[in-house]
Amino acid sequence: MDRIRIAGIRARGFHGVHPEERRDGQDFVADVTLHLSLEEAARTDELPATVHYGHLAREVAAELAGEPADLIETVAGRIADRALLHERVRGVEVTVHKPEAPIAVPFSDVAVTVERFHPVRAVIGLGANLGDRAASLDRALEVLDRLPGIRVADRSPVLETVAVTPDGPDPDRPRYLNRVALLETQQRPADLLATLHAVEHAFGRERGAVWGDRTLDLDLVTYGDVRSASPFLTLPHPRAHLRAFVLGPWLAMDPDASIPGRGRVADLLARLEPVPAPVGASA
C-alpha cells in the first residue's frame, strides 16, 4: 500500500500519572503514517481521492491536547482510531513522543508506536496429499482462526483431485484434498504470507521440489483488491485463475467471487476442463 506520513505534530497536553503532569502539562509530539491506495489521486489529481493531511494534522493535535490519559499508549490508540475513520485509510502507524517525561536519568526521548489496520478479506487455498488430509485441512483452519489478527469467516467444501506435475496430472501420485477459505485479517500481506508458511511448517511441510507431495499447502490467493508484482509476493496468486481445484471450491463458497484483474470466478472456471464434485456432494 501507498503511504502518507506527517511527522512532528506538536501540542501541549496533560497526560501522565503524576499530579504535576496533570496540573502543568507538557509538550507531546506525534508522527502518523497512513496506509492507503493513492492510485486514484495520482491519476486524477483530485483532493477527494486522498486524505487531506491538513485536516488530519488538526485532528491529531486535538487528541494530543484532549482528554488527559495516564498513558501515551492510550493517546496513540485514540489517534489511530480517529485516523481510521477516514474512508480511504486502510491502516495507520502512530508514534507519540513524550520528550519531557519525568525520568530521573538523562534521556532524549520516550516514544510509543501502535499500528492499527482495518480487517481485509483475503482468500487462501489449502491442499494436502499426505497423511490424514481432511484432518490437516480442518486443523489448519482451526490454528489460523486462533491467531492474532485473523478470523476464518467462511470455508468451502472439499474437492479431491489428481496430483499435478509439470508434465500434467499424475494418477500414480497420492491424490489431493483441496479447499479455500475466506479470512478477515488485520495482518499485512507479507505478514499473512509468513504466517501461512509458519503454519505449513508446523504441519510438517518440507519445502523442496516445487511439485512435490505435501502434508499441507497454504497459498495466499487474494488480499482485498491489492495487486502486487513483487518478487517476494505476487497478488493475486499468479496461477489461481488457471486452477480448477482453487476455482471450484471457491465458487461453491461464494458464487459472486472474482479475482482482481482476472474477472469472475464462475467465468474463469467455465473456461477450464470439468472438475470433480466436492467430496461428499451428490452427483
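The values are calculated or read from the model by the stated rules, or taken from the named source; none is laboratory data. This is a predicted model, so every value here is computed, not measured. Here the Cβ positions follow ideal geometry from the backbone for every residue, glycine too, while neighbour counts run over all protein chains shown. We work out accessible area using only protein heavy atoms, side chains counted, and drop any ligands, DNA or RNA first. Shrake-Rupley method; radii C 1.70, N 1.55, O 1.52, S 1.80 Å.
For the range 179-222, the calculated P(r) over all alpha carbon pairs, in 5 Å bins from 0 to the bin holding the longest distance, is 5, 20, 28, 26, 15, 6, 1 percent.
Given +1 at the Cβ of Lys and Arg, -1 at the Cβ of Asp and Glu and no other charges, the dipole of the range 156-279 around its Cα centre is 200 debye to the nearest 20.
Convex hull over the Cα atoms of the range 37-116, averaged projected area in nm²?
Working: hull surface 25.2 nm².
Taking the Cα atoms of the range 37-116, their convex hull projects to 6.3 nm² on average.
Note on the range 164-271: Rg/Rh from C-alpha atoms, Kirkwood Rh, equals 0.95.
The distance from the alpha carbon centre of the range 15-40 to that of the range 232-270 is 43 Å, rounded to a whole number.
Highest average first, the peptides 157-168, 39-50 ordered by how many other beta carbon atoms sit within 10 Å of their residues are 157-168, 39-50.
Electrostatic tally near residue 18: other residues with Cβ closer than 14 Å to its Cβ, Lys and Arg +1, Asp and Glu -1, net -2. For the range 130-172, what D do you get in µm² per second when you plug the Kirkwood radius from alpha-carbon pairs into Stokes-Einstein at 25 °C and 0.890 mPa s? The calculation lands on 193 µm²/s. For the pair residue 170 and residue 5, the difference between a 0.36 nm per residue extended length and the Cα-Cα distance amounts to 54.2 nm. Computed over the range 31-76, the P(r) tail beyond 15 angstrom holds 56 percent of alpha carbon pairs.
With the convex hull drawn around the C-alpha atoms of the range 224-272, the volume per residue stands at 77 Å³.
Rounded, prolate or oblate, given the Cα gyration tensor of the chain, with a/c below 1.5 counting as rounded? Taking the square roots of the gyration eigenvalues as a ≥ b ≥ c, the chain is prolate.
For the range 92-205, the Kirkwood estimate of the hydrodynamic radius, built from every pair of different alpha carbons, is 17.2 Å. Per residue, the convex hull spanned by the Cα atoms of the range 105-162 measures out at 164 cubic angstrom. Ligands, DNA and RNA are left out, and with a 1.4 angstrom probe the accessible area of the chain is 53 Å² per residue. Its Cα gyration tensor gives the range 1-154 an equivalent ellipsoid, and the semi-axes of that ellipsoid, as √(5λ) in whole Å with the largest first, are 38, 24, 12. Net length available on complete extension from residue 271 to residue 100 is 55.0 nm, with 0.36 nm assigned per residue and the Cα-Cα distance removed.
The HN-Hα couplings worked out from phi for the range 115-120 by the Karplus form 6.51 cos²θ - 1.76 cosθ + 1.60 (θ = phi - 60°) are 10, 9, 9, 5, x, 10 Hz, whole numbers, x standing for Gly and Pro.
Here the range 1-74 is assigned +1 on the Cβ of each Lys and Arg and -1 on the Cβ of each Asp and Glu. Its dipole about the Cα centre then comes out at about 160 debye.
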